[in-house]
Structure formats: structure tokens, C-alpha cells
Amino acid sequence: MIQFHQVEKHYGHFHVLKNINLSVEEGEVVVVVGPSGSGKSTMLRCINRLETITSGLLTVNGVQIHDRKIDINRVRRDIGMVFQHFNLYPHKKVIDNITLAPIKVLGLSKAEAADTAMYYLEKVGIADKANAYPSQLSGGQQQRVAIARGLAMKPKIMLFDEPTSALDPEMVGEVLDVMKALAREGMTMVVVTHEMGFAREVADRVVFMDQGQILEESEPGAFFDRPQEERLKTFLGRLL
Ligand code: ADP
Ligand code: MG
């Protein structure tokens, strides 16, 4: 579903991604961890071309995503993204936040889009907030709306960039539960997070990034219990 092959990226003179090689199969959950500034967000944003790459190949859902000849909007429809700061439209009701793209981009009727929105709001457990405004919701509820909004486009891939980092601790669980359910249903997911419990429980593979490189990649048992790289050992040690 996603394949990085020798991907490099520079911001001017700064070498932010170094020889990134990573494959994500359909239905896989890959969790990316690493220190702040290591390039996790940049790597994630390359997948839907929110960032360009300097060289290498990046194939997403069978398409060379950085080929200028492709229809990027067509490819992006299949890729949902959830950010740390929900990015909901503050002046639109919850339901309208969710129906906007399906109406505009997929061409659904208002009624169809509303049905779809309600289905996903039920799924994330906040159907009763359909007519509220984002500011009337808790952070955890807003993030669940953001996830429902992504799902309403029926994507093949969901990208999460620290979806719980801006939440009060008591709201982290409700968002992670939604993500766990999504993983169980077979969604292909790439998740940047500091939630090591989630990584251990849900990830098929965990990837450690440091200074623009993938230093280690393994299944959660090996990753947490038998880390190989010194820098990963130090990183995990700091979390204890
Ligand atoms: P992470 O998500 O792991 O914290 P980022 O991918 O956000 O890391 O950033 C990696 C590095 O690239 C950081 O040193 C950051 O300062 C730098 N960086 C991020 N975005 C830009 C940009 N638009 N221009 C220049 N440098 C950037
Ligand atoms: Mg980041």
C-alpha cells in the first residue's frame, strides 16, 4: 500500500530524511516513534504529498505519488489524515465538518453525506454531538470528529500525526480506543505517537526514527523487549 524506496528529503541545506526504506502492506498498522525533530511528521506528510521529496521513490496505492503527472487529488481521496490539532472548521457544526468533503469531492447528495456522517459519528461514539460546534466539544470529542471526518471519505489509508498529544490525559484513551477499533477492522494505518502502550498492543511493526533515519524496525515484542540500537535503548529508557 505504501512503499518508500531510498527516499531523501532536504529543507534547503538541512537533510531531514535520509535513505528512508519502508513498506506498509494493506491492513497493516505501522507505528512510528522517535525524538522530537527526527523527521516523523515530514515522513508522514510525504505520503500524501503535503511535502515533496528530493529523491527516491514513494509508491502509494500503486501510484508514484511524487510523479508530477498524476492526479494528486484523486490519490489523496484514498488517504485520510488526522493531526495533533484536530483542524476542524470552527464556524461549522460537527455534521457539516464531516459532510463537506464527501459533498464537494465525492459528489454525494446532502442527504447521502449526512447519512454517512451519522454512521461514522455513531462509530466514534458521538452521534449526539452532530449539531454542536467544535468549541462546544472536549478535545477528545473533537479528535473523534476529526477521525470520523477522515473516515467519511472511505479512505484506504489513514495517517495519524500525534493524534493524542494535544489532549488532556483523561481523553487520550477514548481516541486510542477508536483507533484500535479501526485497526481491528483492517484499516491500513501509519501512526506517529508517543503512546507506547498503543504501539505495543496495536502495531504490526514499530519504526524508530532518529535524525532523519529509520534506525530500527521490528514487531512490538522485539522492539520494546529486545531493542538493538543504542539510541533506541536510550530513547526507551527515558520513557520509563
Ligand atoms: P518530528 O515530527 O519528528 O518532530 P519534523 O518532521 O516535524 O520532526 O521535523 C524534522 C526536522 O525538520 C526538524 O529539525 C524541523 O525543525 C525541520 N523542519 C520541519 N519542517 C521544516 C520546514 N518547513 N523548513 C525547514 N525545516 C523544517
Ligand atoms: Mg511531528
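The values are calculated or read from the model by the stated rules, or taken from the named source; none is laboratory data. In this text, all values refer to a predicted model and were calculated from it rather than measured experimentally. All Cβ positions, glycine included, derive from the backbone under ideal geometry; neighbour counts span all protein chains shown. For accessibility, only protein heavy atoms count, side chains too; no ligands or nucleic acids. Shrake-Rupley method; radii C 1.70, N 1.55, O 1.52, S 1.80 Å.
Miscellaneous remarks
- Ranked order, 96, 177 - accessible area, probe 1.4 Å, largest first: 177, 96
- Looking at region 120-240 alone, DSSP beta bridges between its own residues are antiparallel in about 50 percent of cases.
- Area projected by the alpha carbon convex hull of region 186-236, averaged over all directions, nm²: 3.6 nm²
- Cβ-derived FRET efficiency at R0 45 Å, residue 239 paired with residue 74, nearest 0.05: 0.65
- Packing-based order for 98-111, 118-131, using average beta carbon neighbours within 10 Å, highest first: 118-131, 98-111
- Averaged over residues, the count of other Cβ atoms within 10 Å places the peptides 217-226, 44-53 in the sequence 44-53, 217-226, highest first.
- Per residue, region 1-158 exposes 47 Å² of solvent-accessible protein surface, assessed with a 1.4 angstrom probe and all protein chains in place.
- Shape of the chain, Cα gyration tensor, a/c cut at 1.5: oblate
- Centre-to-centre, using Cα atoms only, region 35-69 and region 147-224 are separated by 18 Å.
- For region 108-223, carbon and sulfur atoms together expose 46% of the accessible surface, with a 1.4 angstrom probe and every protein chain in place.
- Stretching the chain fully between residue 85 and residue 13 yields a gain of 23.1 nm (0.36 nm per residue, less the alpha carbon separation).
- Here the label points at residue 122 and residue 61, each 7 Å from Cα along the C-beta direction, are separated by 2.5 nm in the simple model.
- Prolate/oblate/rounded call for region 38-175, Cα gyration tensor, a/c under 1.5 rounded: oblate
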